[in-house]
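Following: one structure in structure tokens, then a few remarks.
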Amino acid sequence: MPGEDGYQHDLLVIGGGGAGLRAAIAAAEESNRLSIAVLSKVYPMRSHTVSAEGGTAAVMRDDDSLDTHAKDTIFGSDFLADQDVVETFVREAPGEVIQLEHWGCPWSRDPDGRVSVRPFGGMTVNRTLYAADKTGFHMLHSLFQTSLKYEKIVRYDEWFATSLLIEDGTVCGVTALNLHDGRMRPIVAKAVIMCTGGAGRIFPFTTNAAIKTGDGMALAYRAGVPLKDMEFVQYHPTGLPGTGILITEAARGEGGHLKNKDGYRYLQDYGLGPPTDTPVHRKMELGPRDILSRCHIQEHQKGRTFDGPYGHYVHLDLRHLGEKLIDKNLPFVRELARNYVGIDPVHEPIPVRPVVHYMMGGISTDITGKTSLDGLYAAGEAACVSINGANRLGSNSLTELLVFGARAGRSAARHALERAAPRSNPLAQLASDERRRLDQRFLRVDGREKIADIREEMQKAMESGCGIYRDRATMEATCQTLAKLRERFAHISLADKDAVFNTELIAALELECTLEVAETVARSALAREESRGSHTRTDFPKRDDARFLKHSLAYRTPDGPRIEYLPVTITRWPPEERKY
Amino acid sequence: MSDATITLEVTRYRPGHDREPHPQSFEVPFQKDWVVLDALNHIKDRIDGTLSYRWSCRMGVCGSCGMMVNGVPKLTCAAFLRDYRPGPIRVEPLANFPVIRDLVIALDDFMEKLRRVKPWIIRAEEKPVSEGEYRQTPAQLETYKQFSMCINCMLCYAACPVYGLAPAFVGPAAIALAYRYNLDSRDEGYRLREPVMSDAVGVWECTFVGECSVVCPKGVDPAAAIQRSKLAGATDWLLSMVMPWGGRR
């Protein structure tokens with residue numbers, strides 16, 4: 001944290017997860033003249049990147065090619081990815097994972113010392129690097145520890161950004177609340193990069209950590225930047241019932257089987273067969289996440305899933321893999337299953353069900369991470385640079401935060417080098433206005449609404465209207481509920497009026513963000529009258545390229561989101577039917 | 001008290017209001033698959049919104065939710081209510097740290113120490129990315145892997161009697177991480193980390209109580225890292241005596 005004369009930087013990164021740290025390091029390497037700050041509501045090593053398990057995709061071997069990685073990604077996206085961006089992504093991916101290797105990431109290794117690669121859903125060859133099944137944890141700590149060697153990267157740990165400061169159409173910093181003393185300050189910067197991650201907490205059942213409340217998405221959205229492709233929400237097929245804790249896709253990459261209540265590998269009934277003993281790329285359990293999640297629901301409708309206290313589930317069976325392989329490549333899966341469902345996967349199958357995992361959509365950026373607002377950049381899950389389209393392939397997101405975190409860091413650095421410092425005097429005024437707004441809104445009023453009630457109702461409405469299968473009537477009901485909740489939020493009441501570490505105030509600010517983001521998801525989903533990737537409409541079961549081969553853009557208006565569209569960039573892979 | 005509830009005695013401390021920390025009792029529903037963190041979330045959402053604590057991943061990997069549970073440092077997302085029946089369960093902030101509020105402790109000291117041990121790859125010459133990866137065999141990976149598993153949850157500092165008495169002690173997690181890099185076949189920074197490690201408040205301060213390894217939720221075994229660093233330090237000292245021209249490790 002800077003001294004009293006601090007709070008003024010060239011570059012400010014919001015979020016200290018994988019994308020944010022990669023961006024900060026890239027900016028530090030771009031120029032040693034820059035003052036760089038990383039601001040996060042948590043200490044960087046608590047960021048949600050830490051929970052990613054399975055791996056990071058990059059072309060590393062002679063049996064692979066950039067075109068194959070690009071094609072798999074585009075096919076997986078149901079042709080909604082921007083192909084020029086995907087081509088850049090796959091080209092820069094190998095360098096990024098090697099860079100991380102040089103920074104100490106403990107990638108799992110082959111006997112000859114090369115980094116190992118494993119199969120992953122929707123990929124035609126083994127190209128997913130991994131560090132056992134704690135890939136995100138190791139990547140995050142490698143990036144964080146490496147960032148410590150750059151003395152000019154300063155950090156604001158446990159500060160919450162409440163608004164973007166904008167002057168003459170240019171971003172010039174944020175207002176942020178220091179949790180430790182409750183003071184609001186303007187933090188001035190010539191460029192701001194949003195790396196705040198996803199918003200899984202708009203749903204009740206999610207793999208996402210408590211902090212994933214879409215804060216950065218909401219800040220950008222309020223500042224007039226559109227959120228792109230928000231209707232595309234990824235369900236991961238294998239979460240633990242009850243908690244929603246993720247059981248990595250790597251469990252299937254290593255050869256795990258999904259079985260219904262009769263012990264039958266049901267995916268063969270949905271065009272993903274034939275079942276084989278050893279995993280075959282893109283078949284059966286290595287199909288893409290959107291399709292596997294839908295198969296689960298259909299299997300449930302046929303009455304062939306188990307029923308438990310937390311709803312229907314199937315079995316993920318790893319027993320045939322043996323204790324040795326499980327301990328070597330899936331030790332965290334074993335630890336999680338033992339701790340949280342009392343199952344040892346060496347001896348028993350793991351109960352699993354689909355769970356909200358990832359937002360394909362986010363702050364709309366170009367290929368350099370730049371948004372439509374001068375001086376504002378975004379990367380990682382918070383952003384939508386458009387490599388994931390309508391369905392992300394597993395292990396592309398960790399690579400995405402490296403490639404586009406670095407790109408956003410470099411382009412924001414160059415932007416900052418060209419600009420004069422914003423004047424901080426009027427900004428101090430804006431910060432005290434912001435403080436007053438929060439005080440009036442949350443700390444002085446005695447409203448009647450409780451945070452937990454509104455949060456639960458929002459989550460219930462999102463699950464009902466914006467789940468795996470969607471239709472007009474339920475989505476309209478969800479939109480109405482969200483609009484009502486927005487009104488009720490104005491009457492929120494906080495018991496905690498303290499300045500120091502007021503986590504209830506933070507929860508209220510987070511709730512405000514999730515309500516905004518949830519509305520963009522529901523409205524974008526309602527407007528897209530087709531089925532594509534993760535967005536499945538029972539009333540529009542087919543993909544409709546004539547009307548919807550385009551990105552949705554949600555713009556904020558006082559009456560809720562306004563949806564516009566943007567063409568998809570097609571380079572070398574014309575849309576075709578997506579069949580595995 | 002019926003079977004369906006359990007009592008938590010939670011330490012409260014609000015700076016500016018309370019002169020010192022004091023316990024407050026909350027009765028929460030007993031659910032057999034609830035962890036202590038679920039009970040705290042129930043209190044915050046339904047009973048008392050002013051209770052402050054940190055949490056995030058609720059799956060034992062982000063390291064946020066460490067607290068003393070019945071006097072033992074624990075990740076509260078992995079401490080099941082059923083293991084503490086019939087209660088009451090005492091929930092306190094991690095020992096040996098300044099308390100900011102309620103169950104929230106100050107990490108500044110650790111963050112500063114972490115940077116001091118230089119937990120990053122140090123090399124005389126860095127290979128350009130275009131030349132590809134450094135080869136590292138599974139056996140070489142295995143030598144340091146265990147020490148790379150630290151989630152910085154601070155349970156080991158809360159358990160460490162030395163850190164409690166001599167807060168300048170670099171401490172278990174930071175030493176384990178320094179040792180992790182020293183053991184990494186890609187690293188050449190041993191000499192640069194040595195001054196911090198062999199400082200009086202580095203590895204020598206540890207009296208080998210071993211509590212750090214007992215409470216570590218990730219099996220890192222910082223006590224082993226400290227003892228083996230001592231051995232390496234002592235070997236260096238001996239080598240410098242018998243081979244003053246410089247024994248290389």
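The values are calculated or read from the model by the stated rules, or taken from the named source; none is laboratory data. Everything quoted here is computed from the prediction, not taken from an experiment. Heads up, the Cβs are rebuilt from the backbone with ideal geometry, glycines too, and the neighbour counts pull from every protein chain shown.
Within the stretch A:454-482, track down each residue that is farther than 17 Å from A:Met230 by Cα and surrounded by fewer than 21 Cβ atoms within 10 Å (Cβ to Cβ).
So the first thing to find is which residues in the stretch A:454-482 are farther than 17 Å from A:Met230 by Cα, and the list is A:454-457, A:460, A:473-474, A:477, A:480-481.
Passing the criteria: A:Glu456, A:Glu457, A:Lys460, A:Ala473, A:Thr474, A:Ala477, A:Gln480, A:Thr481.
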* **Residue list for the stretch A:139-152, filter: buried (at least 21 other Cβ atoms within 10 Å of the Cβ) and in contact with a helix residue (DSSP H, G or I) (Cβ under 7 Å, 6 or more places away or on another chain)** => A:Met139, A:Leu140, A:His141, A:Ser142, A:Leu143, A:Phe144, A:Thr146, A:Ser147
* Inside the stretch B:139-166, can you point out the residues that are touching a residue at least 40 places away in the same chain (Cβ under 8 Å), within 8 Å of chain A (Cβ to nearest Cβ), in a helix (DSSP H, G or I) and of a type in the set (S, T, N, Q)? -> B:Gln140
* Asked: Taking the stretch A:440-453, which residues are surrounded by 14 or more Cβ atoms within 10 Å (Cβ to Cβ) and in a helix (DSSP H, G or I)?
  -> A:Arg441, A:Phe442, A:Leu443, A:Ile451, A:Ala452, A:Asp453
* State all residues of the stretch A:100-132 that are facing chain B (nearest Cβ under 9 Å), within 23 Å of the chain's Cα centre (by Cα) and on the phi > 0 side of the Ramachandran plot; if no residue qualifies, say none. => A:Ala132
* Flag for A:Ala406 being in contact with a strand residue (DSSP E or B) (Cβ under 7 Å, 6 or more places away or on another chain) and of a type in the set (A, V, I, L, M) -> no
* Residue selected from the stretch A:175-188 under the condition in contact with an Asp or Glu (Cβ under 8 Å, 6 or more places away or on another chain) and assigned to a strand (DSSP E or B), by the criterion farthest from the other protein chains (Cβ to nearest Cβ) -> A:Thr175
* Kindly check whether there is at least one residue in the stretch A:76-94 that is in contact (Cβ under 8 Å) with a residue 12 or more places away in the chain, of a type in the set (Ser, Thr, Tyr), buried (at least 24 other Cβ atoms within 10 Å of the Cβ) and outside any strand (DSSP E or B). => yes
* Extreme residue, surrounded by the most Cβ atoms within 10 Å (Cβ to Cβ), among residues of the stretch B:46-93 that are among the hydroxyl-bearing types (Ser, Thr, Tyr) and within 12 Å of chain A (Cβ to nearest Cβ) -> B:Ser64
* Structure fact -> Counting only residues in the stretch A:55-75 that are in a loop (DSSP other than H, G, I, E, B) and within 14 Å of chain B (Cβ to nearest Cβ), the one nearest to A:Asn396 (Cα to Cα) is identified as A:Ala58
* Could you tell me whether the stretch B:98-106 includes any residue that is more than 14 Å from every other protein chain (Cβ to nearest Cβ), assigned to a strand (DSSP E or B) and modelled with pLDDT of 95 or more? => no
* Structure fact -> Sole miss for A:Cys172 among (1) in contact with a Leu (Cβ under 6 Å, 6 or more places away or on another chain); (2) surrounded by 24 or more Cβ atoms within 10 Å (Cβ to Cβ); (3) at pLDDT 95 or above; (4) in a strand (DSSP E or B) is condition (3)
* Asked: What number of residues within the stretch A:329-351 are of a type in the set (Val, Ile, Thr) and either in contact with a Gly (Cβ under 6 Å, 6 or more places away or on another chain) or within 11 Å of chain B (Cβ to nearest Cβ) (or both)?
  -> 1
* the stretch A:14-70, residues that are of a type in the set (S, T, N, Q) and either farther than 23 Å from A:Asn126 by Cα or touching a residue at least 40 places away in the same chain (Cβ under 8 Å) (or both) -> A:Ser31, A:Asn32, A:Ser35, A:Ser40, A:Ser47, A:Thr49, A:Ser51, A:Thr56, A:Thr68
* Asked: From A:Gly214, A:Gly121, A:Gly113, A:Gly200, which residue is farther than 25 Å from A:Gly361 by Cα and not polar (S, T, N, Q)?
  -> A:Gly113
* Within the stretch A:136-168, count every residue that is at pLDDT 95 or above and outside any strand (DSSP E or B). => 16
* To do: Could you check, for the stretch B:182-200, whether at least one of its residues is more than 9 Å from chain A (Cβ to nearest Cβ), part of a helix (DSSP H, G or I), touching a helix residue (DSSP H, G or I) at 6+ places or on another chain (Cβ under 7 Å) and without any contact (Cβ under 8 Å) to a residue 40 or more places away in the chain?
  => yes
* Taking the residues in the stretch B:1-37 that are without any contact (Cβ under 8 Å) to a residue 60 or more places away in the chain and in a strand (DSSP E or B) as candidates, determine which candidate is nearest to the other protein chains (Cβ to nearest Cβ). => B:Val35
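For every residue, the table says whether it meets (1) over 20 Å from the mean Cα position of the chain (by Cα); (2) buried (at least 24 other Cβ atoms within 10 Å of the Cβ); (3) assigned by TED's automatic domain parsing to the domain that holds B:Pro222; (4) more than 21 Å from A:Met139 (Cβ to Cβ).
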site: B:Glu125; (1), (2), (3), (4): yes, no, yes, yes
site: B:Tyr134; (1), (2), (3), (4): yes, no, yes, no
site: B:Gln140; (1), (2), (3), (4): yes, no, yes, no
site: B:Ser148; (1), (2), (3), (4): no, yes, yes, no
site: B:Tyr157; (1), (2), (3), (4): no, yes, yes, yes
site: B:Leu177; (1), (2), (3), (4): no, yes, yes, no
site: B:Arg191; (1), (2), (3), (4): yes, no, yes, yes
* Asked: Out of the residues in the stretch A:312-335 that are touching a strand residue (DSSP E or B) at 6+ places or on another chain (Cβ under 8 Å) and in contact (Cβ under 8 Å) with a residue 60 or more places away in the chain, which is farthest from B:Leu75 (Cα to Cα)?
  -> A:His320
* Under 8 Å between Cβ atoms, at least 6 apart or on separate chains: pull out the pairs that start in the stretch B:108-133 with a residue that is within 7 Å of another protein chain (Cβ to nearest Cβ) and over 14 Å from B:Leu177 (Cα atoms) and end on any residue that is surrounded by 19 or more Cβ atoms within 10 Å (Cβ to Cβ) and of a type in the set (Asp, Glu). => B:Glu133/A:Glu101
* Among the residues of the stretch B:63-97, write down those that are within 15 Å of the chain's Cα centre (by Cα) and part of a loop (DSSP other than H, G, I, E, B). => B:Gly63, B:Ser64, B:Cys65, B:Pro93, B:Leu94, B:Ala95, B:Asn96, B:Phe97
* Asked: Which one of the conditions (1) within 20 Å of A:Lys579 (Cβ to Cβ); (2) part of a helix (DSSP H, G or I) does A:Ala251 fail to meet, given that it meets all the rest?
  -> (1)
